[in-house]
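Worksheet: one structure, shown below.
The values are calculated or read from the model by the stated rules, or taken from the named source; none is laboratory data. Not measured: the values here are computed from a predicted model. FYI the Cβ positions are ideal-geometry reconstructions off the backbone, even for glycines, and counts take in every protein chain you see.
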Amino acid sequence: MTRKNTCDGAPRARTQPARRPKGIALAATVGALSLALASCGGPTASPKLTLSKSTGAVGTVVQVSGKAGGGCSTPTAWRGFRLERTGASSAGQVLAMTPPVAPDGTWTASFAVPAYLGSTSGAVPVGPGRYEIVAHACKGDVRAVASFRVTSSSLSVAPGRSVAIAATSDAGGYWVVRADGHVSAYGDAHPYGSLPAPAAKATTIVGIARTYDNHGYWLAASDGHVYHFGDASDYGSLPAGAPGGPVTGIAATPTGHGYWLLDANGRVHGFGDAHVQGQPPASQAPYSAIAARPGGGYMVVGAFDAATYMFPGDVHEGGGPGTALSGAVIGIASTASGNGAWAAGLDGGVVTLGDATFHGSASGTAAVSNSAVTAIAATPDGQGYWLLTGAGTVSAFGDAHLLGISKG
């Protein structure tokens, strides 16, 4: 016999014996009703949301917390929270995230103000104005709302923030790049230069990709400009003002003779021998990262709930509501086969997709408590990975090793 979950409708009291006094029967009914409501998040939920910031430009990291009530499980009993333009209808542009809920009904999540919001008709740019963060109780009627004002659609990232990491082909070294284009080399990775001061002041770097022979690298800026160092060839950049919003990542082809750029809207742009083999749905924007598949092609990941699309083949791999991350996804790294990936969140959590094996996370560590995670890079054999924080701290997992600064 299948039992009906009382959270799916009005709680039903048990049938009482005919001779039981009415007062006792009423008390039992009220007790059953209260327990059912509590399991649905009713009386234990809160109509208040707490924000770490109430204003900020695109790229600003915001932490939001609330109380959905007891008995929550994602995504069946709780659908998370939404960021939407104030006054937008339920069919309007929206960002949805479903972080896990603690046993006491509380939840906390962090995200960067996106450049786009997805909708059934495609992605729409986020512009200055009033937005709302909305969360409902766990299958209850409590609705919590907090207001957030977007001050600018221009990407705002601190120049000294470390934003990307790339590993050498033997996993014996890696490069770390800051938003101002300063590159630090570790292990057997050699430094081939950083952005000169004039360029550093005028642009924001968001990604790094190495050449096939480890003797150079490309730096991608949010405006679509690609800078080349060492033996990295110039295969082109996006024209100024190209649609799609800020570029969020770069990935080099296995041959090292080209690269892909990903923008927040989900458009993939190919340069050199990098061929565009498919685009993810714009309705799921924003997209936060791209990674090359060792056998050819690429994968992209959405900033919320780790929805991942692999090309060629247009394979939707995992992710979606219920993904156990308390932070928006900021990076993705491919396994050696190209049929799996690790997605990393701002909170230091790591989600495995396809044939990826979990090797640990930085969630709850001192490094993440001081600065959010900003990037992930995998070892070539797929048996480990590094996580980078905005403060420049690197954490190693599996067969990945922490390395000292390069002397080269």
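Which residues, counting only those in segment 357-408, are of a type in the set (A, V, I, L, M) and in a loop (DSSP other than H, G, I, E, B)? Before the answer, list the steps.
Filtering segment 357-408 for residues of a type in the set (A, V, I, L, M) gives 362, 366-368, 372-373, 375-378, 387-388, 391, 394, 396, 400, 402-403, 405.
If the condition is that a residue be of a type in the set (A, V, I, L, M) and in a loop (DSSP other than H, G, I, E, B), then ALA362, ALA372, ALA391, ALA400, LEU402, LEU403 are the ones that fit.
I'm told THR168 meets every condition in (1) closer than 16 Å to LEU388 by Cα; (2) touching a residue at least 60 places away in the same chain (Cβ under 8 Å); (3) not basic (Lys, Arg) except one. Can you identify the failing condition by its number?
The failed condition is (2).
Kindly indicate the residue of segment 220-269 that is under 22 Å from SER169 (Cβ atoms) and β-branched (Val, Ile, Thr) and also farthest from the chain's Cα centre (by Cα) among those meeting that condition.
So the residue we want is THR255.
Can you tell which of ALA209, ALA166, ALA158, ALA189 is in a loop (DSSP other than H, G, I, E, B) and surrounded by 22 or more Cβ atoms within 10 Å (Cβ to Cβ)? Write out each step before concluding.
Working: ALA209 fails: in a loop (DSSP other than H, G, I, E, B); ALA166 fails: in a loop (DSSP other than H, G, I, E, B); ALA158 fails: surrounded by 22 or more Cβ atoms within 10 Å (Cβ to Cβ).
Answer to the check: ALA189.
I'm checking my understanding of the structure. Among residues of segment 91-150 that are in contact with a Pro (Cβ under 9 Å, 6 or more places away or on another chain) and β-branched (Val, Ile, Thr), which one is modelled with the highest pLDDT?
That would be VAL150.
Identify, from the list ASP141, ASP180, the residue that is among the charged types (D, E, K, R), without any contact (Cβ under 8 Å) to a residue 40 or more places away in the chain and either out of contact with any His (no Cβ under 7 Å at 6 or more places or on another chain) or outside the structural domain of PHE81 (by TED's automatic domain parsing) (or both).
On the way: ASP141 fails: without any contact (Cβ under 8 Å) to a residue 40 or more places away in the chain.
Step by step, each of ASP141, ASP180 is checked, and only ASP180 is among the charged types (D, E, K, R), without any contact (Cβ under 8 Å) to a residue 40 or more places away in the chain and either out of contact with any His (no Cβ under 7 Å at 6 or more places or on another chain) or outside the structural domain of PHE81 (by TED's automatic domain parsing) (or both).
If you check ASP180 against the conditions, is it assigned to a loop (DSSP other than H, G, I, E, B), surrounded by fewer than 17 Cβ atoms within 10 Å (Cβ to Cβ) and charged (D, E, K, R)? Lay out the reasoning, then the answer.
Values: assigned to a loop (DSSP other than H, G, I, E, B): yes; surrounded by fewer than 17 Cβ atoms within 10 Å (Cβ to Cβ): no; charged (D, E, K, R): yes.
When the stated conditions are applied, ASP180 does not pass them.
For segment 367-393, which positions are polar (S, T, N, Q) and closer than 18 Å to LEU353 by Cβ?
Within segment 367-393, the subset polar (S, T, N, Q) is 369-371, 374, 379, 383, 389, 393.
Listed by number, the residues that qualify are THR379, GLN383.
Having 2 or more residues that are assigned by TED's automatic domain parsing to the domain that holds VAL368, of a type in the set (Gly, Ala, Ser) and surrounded by fewer than 22 Cβ atoms within 10 Å (Cβ to Cβ) is the bar; report the strands (runs of 3 or more DSSP E) wholly within segment 247-356 that clear it.
Numbers: elements: 247-252, 258-263, 268-272, 287-292, 298-302, 308-311, 315-317, 329-334, 340-345, 350-354.
Answer list for segment 247-356: 268-272.
Yes/no per residue for (1) more than 11 Å from the chain's Cα centre (by Cα); (2) within 24 Å of PHE111 (Cβ to Cβ); (3) not charged (D, E, K, R):
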position	(1), (2), (3)
GLY297	yes, no, yes
ILE332	no, yes, yes
GLY348	no, yes, yes
ALA356	yes, yes, yes
LEU388	yes, yes, yes
SER395	yes, yes, yes
ASP399	yes, no, no
